[in-house]
Amino acid sequence: MMNAKIAVSLPEQLLPVLDRLAQEWNTTRSGAIAELLRRAEREELDNRLREGYLALAESHKKDAESFLPAQAEVVLRGRG
């Protein structure tokens, strides 16, 4: 994988945060920024998947509720 060289300006109060993360993750400032971007991208994907699963669950729930009366009729008819 090729790396692109860019210049980033940060507020001074964020430099200690960046340095701390770089030290915790045993990497450079550039590595810490890359890791933060990867985590942000993963969180974004996780959120989209969560929203999709919730929408799908709601759709399945509505389908189940609409078919429940017919299923109940078949089951109850079979008992008699």
If I filter the range 1-25 down to residues being farther than 16 Å from Leu36 by Cα and outside any loop (DSSP other than H, G, I, E, B), which single residue comes out as most open to solvent (accessible area, probe 1.4 Å)?
Glu12
Looking only at the range 32-65, count how many residues are open to solvent by less than 100 Å² (accessible area, probe 1.4 Å) and either at pLDDT 80 or above or touching a strand residue (DSSP E or B) at 6+ places or on another chain (Cβ under 7 Å) (or both).
16
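The values are calculated or read from the model by the stated rules, or taken from the named source; none is laboratory data. Worth saying up front: this structure is predicted, and the values here are computed from it rather than measured. Backbone-built Cβ (ideal geometry, glycine too); neighbour counts: all protein chains shown. Heads up: the accessible areas ignore ligands, DNA and RNA and are worked out on the full protein's heavy atoms, side chains in. Shrake-Rupley method; radii C 1.70, N 1.55, O 1.52, S 1.80 Å.
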